[in-house]
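A short write-up of the structure that comes next.
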Amino acid sequence: MKTVVRASELNAAIELAKAAGKKVALVPTMGALHQGHLSLIQVAKKHADFVVVSIFVNPLQFGPSEDFDKYPRTLETDSAQLAEAGVDLLFSPTVDVMYPDASESTKSAGHIGNTFEGAVRPGHFDGMLTVVSRLFDLVQPNVAVFGAKDAQQLHLIKTMATRDYPNLEIIEAPTIREVGGLALSSRNRYLDEAAHEVAQQLSAALRAGAAAVHPGGQTNPKQVIEAATAVLAKAPEAKLDYIALVDQDTFEPLENGFSGRALLLIAARVGETRLIDNTEITF
Ligand code: AMP
């Protein structure tokens, strides 16, 4: 595996791959890699023959009181895992490489960018879209792979790609979980044993919500939310931000009857650690 830091080195490596007729996949990450990230690489390998992984902790998507400084940075072990996974190119740029021109405009995530995660983390999705579009511009991939775990992020990236990158295919990879159900996350390493136990209740709440669906369109979305909320209420150490049902295609909240595919979203704080998860619900 080759590792590059500069945009010019990246360009040269990509040009070489494309000249050899290779299809290029990009897997953007912030590092502190776990099996969830590695699963995206396996998906990427099925869709392309040259896999680029980026590791960049993007300052633009962290609020002033968030964990940017403390976010885990484990480049050496990440790099070893990526080589082992058969990644072709690791792009680990500095802030100057990603944002050479401070006056460059940022992307706007629009109205959906201000709901749910965006309501709790103002500016987060503008910063996320800005870095993702910059990565798309630099790497010029044929496909890019993102996890379903970050559902709102994925929705906004798909919307941006349809509008601005019509030749790029966005691929969604399923959420990888621990045996107990907790979705893998780089932030899980902040959890001590007790907090880890509490964190399992997020996925338990999602399962309870999914189980409240009666087949045949008889379920009111409120029943799903109530069933999920009841589980989390039994773990008061988890401070709930939201449990919500959204239309999977529009990310608009579902309040009344619905048939089709929905996402049940959950976000909660366990101690200082903010966790999010979701599951697909078919009515
Ligand atoms: P991050 O490093 O947290 O920015 O995540 C990089 C990519 O990995 C994003 O597309 C995430 O959605 C994805 N990802 C994070 N956790 C998981 C997981 N547990 N399963 C699958 N994909 C994940």
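Since every read-out is calculated from the coordinates, none of them should be taken as a lab result. These numbers were taken from a predicted model, which means no experiment stands behind them. Here Cβ is always computed from backbone atoms with ideal geometry, including for glycine, and neighbour counts include all displayed protein chains.
Structure above, values below:
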{"item": "Mean Cβ count within 10 Å, highest first, over the residues of peptides 67-75, 265-273", "result": "265-273, 67-75"}
{"item": "Charge dipole (debye, nearest 20) of the chain; +1 at Cβ of Lys and Arg, -1 at Cβ of Asp and Glu", "result": "420"}
{"item": "Relative contact order %, the stretch 4-70, counting alpha carbon pairs below 8 Å whose residues are six or more apart", "result": "32"}
{"item": "Most mobile of LEU40, LEU89, LEU16 in a GNM of the chain (Cα contacts under 10 Å)", "result": "LEU16"}
{"item": "Alpha-carbon Rg/Rh ratio, for the stretch 124-283, with Rh computed the Kirkwood way", "result": "1.00"}
{"item": "The stretch 127-216 - charge dipole about Cα centre, Lys and Arg +1 at Cβ, Asp and Glu -1, debye rounded to 20", "result": "140"}
{"item": "Per-pair calculated FRET efficiency, R0 = 35 Å: VAL179 and THR250 via Cβ, rounded to 0.05", "result": "0.55"}
{"item": "P(r) histogram, all alpha-carbon pairs of the stretch 2-173 included - 5 Å bins from 0, percent", "result": "1, 8, 18, 21, 23, 17, 8, 2, 0, 0"}
{"item": "Scattering curve values for the stretch 186-278, log₁₀ I(q)/I(0), Debye with Cα scatterers, q = 0.11, 0.12, 0.15, 0.24 Å⁻¹", "result": "-0.32, -0.38, -0.56, -1.15"}
{"item": "The stretch 111-207: chymotrypsin sites (Phe, Trp or Tyr not before Pro) in DSSP coil with no more than 13 other Cβ atoms inside 10 Å", "result": "none"}
{"item": "Mean separation of Cα contacts under 8 Å (6+ apart) over length of the stretch 2-173, as relative contact order %", "result": "28"}
{"item": "Contact order normalised by residue count of the stretch 60-128, Cα under 8 Å, 6+ apart, percent", "result": "51"}
